[in-house]
1. Specify which residue in the list 184, 88, 100 is farthest towards the positive end of the charge dipole of the chain, using unit charges on the beta carbon of Lys, Arg (+1) and Asp, Glu (-1), about the Cα centre.
2. Summing +1 for each Lys or Arg and -1 for each Asp or Glu, what net charge is found among the other residues whose Cβ lies under 12 Å from the Cβ of residue 91?
3. Residue 19 to residue 85: extension gain in nm, 0.36 nm per residue of separation minus the Cα-Cα distance?
4. Probe of 1.4 angstrom, ligands and nucleic acids ignored: what's the accessible area per residue over the range 53-98, in square angstrom?
5. Which whole-number percent gives the relative contact order of the chain, counting Cα pairs below 8 Å spaced six or more residues apart?
6. If R0 is 25 Å, what FRET efficiency do you get for residue 126 and residue 12 from their C-beta distance, rounded to 0.05?
7. Given axes a ≥ b ≥ c from the Cα gyration tensor, I'd like to know whether the range 121-198 is rounded (a/c under 1.5), prolate (a/b larger than b/c) or oblate.
8. So, R0 is 35 Å and r is the distance between the beta-carbons of residue 42 and residue 181; what FRET efficiency does that work out to, to 0.05?
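The values are calculated or read from the model by the stated rules, or taken from the named source; none is laboratory data. Keep in mind it's a predicted model, so treat the numbers as computed, not measured. Because the Cβ atoms are built from the backbone with ideal geometry, glycine has one as well, and the counts that use them run over all protein chains shown. For the accessible areas, the whole protein counts, side chains as well, though only heavy atoms, and no ligand, DNA or RNA atoms are used. Shrake-Rupley method; radii C 1.70, N 1.55, O 1.52, S 1.80 Å.
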Amino acid sequence: MPAAWRTTPMPESIKSLPRTTQGMPVPFTVSRGHDPERIAYRRETGLTVVCGCAPHTDKPMFSAQCPERQRQCAQERLCSVCGQSIKAGEPFAFGGLPLPGTDLYMEAGAHPRCLAYAFQVCPVLARECGPDHPVVFAEQVTTCEARLLTTAGQNVIAVFAHGDPRGREVPLQFYLSRPLAPQMFDRDTFLDRFRTRT
């Protein structure tokens, strides 16, 4: 983990997150445990990837998202970093890259201050996102379903509109977010504007 998390000012919304044994906050959508996912049938979504991870007890897997908490964030306008509400009129911030050839993001949106904190302390973002990395803002987002098709032994993401009956027999993994009327910043401009200061 970068040492920066110990000295970087933390937004209030992040202070209530569960912590690692070293004290680092664990983002809301981070998966817990050792691959606790399975497929179940749910009346409202058909075949669905569900997760048995326990956010306050299992060891975090920083390289994976819990599909249930990711979908909860996308459906309920929750920040993917702190898990708290993104209120109407507040922008969603997206720091990942869209799926290739699309404007669809697998990570749910975040509060700008929470995402700025993550850019400063997350080892993956620190390694993969340079100063020109794009950050997308939007006040409104639509979502669609990302379902897992297995063809020739490989998992492929198939995109379906919410409620499309053709998708119900293919496992729902995540909800994809499409920012409407997005604004784009580079990472450093975004950080100058939204980082928490002491």
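1. Toward the positive end, the furthest listed residue is 88.
2. Details: positive: 77, 87, 113, 193; negative: 90, 139.
In short, +2.
3. Here the segment from residue 19 to residue 85 would lengthen by 21.8 nm.
4. Working: 2180 Å² over 46 residues.
In whole numbers, the range 53-98 has 47 Å² accessible per residue.
5. Values: 391 pairs, mean separation 46.1, N = 198.
Relative contact order of the chain: 23 percent.
6. Details: r = 23 Å, r/R0 = 0.90.
That gives a FRET efficiency of 0.65.
7. prolate
8. Values: r = 32 Å, r/R0 = 0.93.
Once the sixth-power term is evaluated, E becomes 0.60.
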